[in-house]
Amino acid sequence: MPTLRELLAARLRDALAASGHDAARADVSQAGDVRFGDYQANAAMVLAKEKKANPRELAGEILSHIDVSGLAAKPELAGAGFINFRLENSFLSEALSHLAADSRLGVDVVARPRKILVDFSSPNVAKPMHVGHIRSTILGDCLVRVARFLGHEVIADNHIGDWGTQFGKVIYGWKHFLDRDALGKNAITELVRLYREVTRLEETDDVIKRTAREELVKLQAGDPENLAIWKETVELSWGEFQKLYDLLDIRFDERLGESAYNDALAPLCATLERQGIATTSEGALCIFFPGIPTLEDKPAIIRKSDGGFLYATTDLATIDYRIAHWHPEAIWYVVGSPQALHFQQIFAAAKMMGVECDLKHIAFGSILGEDRKIMKTRSGENVGLSEVLHEAIERARRVIAARADALSPDEAESTAHLIGLGAVKYAELSQNRLTDYVFSWDKLLSFEGNTAPYLQNAYVRIRSIFRRAEEPANASAPILLNEPAERALGLKLLQYAETIPVMLEELRPNILANYLYELANTYHSFYEACPVIKADPASRASRLLLSDMTARTLSHGLGLLGIGCPDRM
Ligand code: ARG
């Protein structure tokens, strides 16, 4: 079903064509202020600027050609040349009746689905997971969910860092200081301890430093003992990662770490050299980017002078593999902003290699502690995802225990998970991903304001209305929009359909989060102004249906953010 915006744009397009103007300018957007109607178009102003004409006159001309019958009242000319639209209540009621019967809540699948590979989470084995991985994990999962819902074919690929110089230290540590008990309790913690311990010792002990490096060389040369240790560290780490993904309800279709591409690195370098794409400079094999001003003096090194390969080499081999194996039309990398240069380089190199796939770096800023510095634990270490999630659940347990609803122990526990994990995810997704945000426990677990608990609570309150009403919503009840608050809610519900595609186009989950927040607020005003259970039968049926649609939209929208809704809380 076409969205409100598309319906109005189509009428505007006809009017532009009929008055001899560029119909491509027929864009319509939601009005920022209800006093100006529901939607507005600035086409007259845009066209007037191009033609050096008077915008108000041009708007008048468009208006004399526009036909919005059956949809909206006669549009009005406002300000410098805006055209304002107010939808008719009869039209809105009917549209809401269709919406009530639509399991997709009005959201169409895209006209042209794409095959998209999303590279996200991608933590490193035996290195502390930093907050960047938390953001990547939550953002990436949300993008995967929304893209799938819109009909795209998505491959969720976890490109774990399971190969790298850290393994020299880890293997040395494993052979000399491994604590098997600790390893069994939490493998990542123990591996990170080994890594840190050896890093510390290397500072003053050259023998350890040299031996650790030899362990790395042996691993790279295929030494069976070191390979076996490496394999074990990767599998144990993956087991810990998997626990977190299970907790977060996040799944991957592919888990190919950096090591999977090892055998492809040497041949890739040879090919690039033969094709003249890579050249040797001071012993290193480099790709230069003449003609790209931002990369002019920043070649990508793909083979060091000692023969070692780099992060960029692996990423190029990965692109090769993904294209050959999956044939994606797009690859999205959900990775923090500090890697912007790396992605610019590999995308430019891929282009030189003839790759036509749409490669996109979906960057994000940092998470700050309440002191506005990069979030660290009290002892100054990176904050682990696992600690954050468990603390969130623990805090949610306390919040629930302090509330009135009496929940059974099982229900209280599952609700604490939904609230705690939801709060962490929402804190991430409700922010503009490119800006840094301050992580505040009190704020993200608050039941007031733009938070997950507030939205979950709005859902729970609607469910409790139905328990009191002792009847389900009737999807064929006529929708009455006599009160301004009923109309505002109906309009908001219909706008879900146009919010989701924009969210994906702009790759900004906060657009969806903001919509849900506004929906909850609009519902709140509706509930204050319009009695539901005590209303006359026709209004009651209509209001119950509007309430049910709100609950469905809230839980569906939160679901796209990867957040569940409890029934009670
Ligand atoms: N493991 C990397 C890191 O922690 C992120 C990998 C992102 N994906 C990629 N294809 N480079 O920084």
### Task
Could you check, for the range 391-403, whether at least one of its residues is touching a Pro at 6+ places or on another chain (Cβ under 7 Å), in a helix (DSSP H, G or I) and among the aliphatic types (A, V, I, L, M)?
no
### Task
Check the range 358-381 and report whether any residue there is surrounded by fewer than 16 Cβ atoms within 10 Å (Cβ to Cβ) and of a type in the set (S, T, N, Q).
yes
### Message
Contact list please: Cβ distance under 7 Å, first residue in the range 265-282 and without any contact (Cβ under 8 Å) to a residue 40 or more places away in the chain and closer than 19 Å to residue 315 by Cβ, second residue of a type outside the set (S, T, N, Q) and part of a helix (DSSP H, G or I), pairs at least six apart or on different chains.
### Response
278/269; 278/272
### Message
Would you confirm whether or not the range 292-301 contains a residue that is modelled with pLDDT of 95 or more, of a type in the set (Gly, Ala, Ser) and closer than 30 Å to residue 143 by Cβ?
### Response
yes
### Query
Hey, which of the strands (runs of 3 or more DSSP E) in the range 266-360, taking only ones fully inside, have at least 2 residues that are on the phi < 0 side of the Ramachandran plot and either more than 13 Å from the ligand (Cβ to nearest atom) or polar (S, T, N, Q) (or both)?
279-281, 284-287, 300-303
### Summary
Cβ pairs under 6 Å, 6+ apart or interchain, first in the range 285-300 and farther than 16 Å from residue 351 by Cβ, second assigned to a loop (DSSP other than H, G, I, E, B), ordered by first then second residue, are 285/278; 286/299
### Query
For the range 16-37, which residues satisfy the criterion of being part of a helix (DSSP H, G or I) and out of contact with any strand residue (DSSP E or B) (no Cβ under 9 Å at 6 or more places or on another chain)?
16, 17, 18, 23, 24, 34, 35
### Query
From the residues in the range 93-105 that are outside any helix (DSSP H, G or I) and aliphatic (A, V, I, L, M), which one is farthest from the ligand (Cβ to nearest atom)?
101
### Query
Quick check, is residue 146 within 16 Å of the ligand (Cβ to nearest atom), within 30 Å of the chain's Cα centre (by Cα), under 30 Å from residue 436 (Cβ atoms) and part of a helix (DSSP H, G or I)?
no
### Query
Do we have any residue at all in the range 447-461 that's hydrophobic (A, V, I, L, M, F, W, C), touching a helix residue (DSSP H, G or I) at 6+ places or on another chain (Cβ under 9 Å) and modelled with pLDDT under 95?
yes
#### Entry: Residue count, the range 503-542 (criterion: surrounded by 15 or more Cβ atoms within 10 Å (Cβ to Cβ), assigned to a helix (DSSP H, G or I) and under 13 Å from the mean Cα position of the chain (by Cα))
7
## Note on the structure
Exactly one of 44, 95 is crowded, with 23+ Cβ neighbours inside 10 Å, at pLDDT below 95 and either among the basic types (Lys, Arg) or more than 30 Å from residue 241 (Cα to Cα) (or both), and that one is 44
### Message
Out of the residues in the range 106-134 meeting the condition of being assigned to a helix (DSSP H, G or I) and within 8 Å of the ligand (Cβ to nearest atom), tell me which one is farthest from residue 237 (Cα to Cα).
### Response
132
### Query
Which of (1) closer than 28 Å to residue 315 by Cα; (2) in contact (Cβ under 8 Å) with a residue 12 or more places away in the chain is the odd one out, the single condition residue 189 does not satisfy?
(2)
### Summary
(1) under 38 Å from the mean Cα position of the chain (by Cα); (2) free of Cβ contacts under 8 Å to residues at least 60 places away in the same chain; (3) assigned to a helix (DSSP H, G or I) all hold for residue 40 apart from (3)
### Query
Name the pairs: first residue in the range 372-398 and at pLDDT 90 or above, second residue part of a loop (DSSP other than H, G, I, E, B), Cβ to Cβ under 6 Å, at least 6 apart or on different chains?
395/445
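The values are calculated or read from the model by the stated rules, or taken from the named source; none is laboratory data. From a predicted model like this one, the values you see are computed outputs, not experimental measurements. Note: ideal-geometry Cβ built from the backbone for every residue, glycine included; neighbour counts use all protein chains shown.
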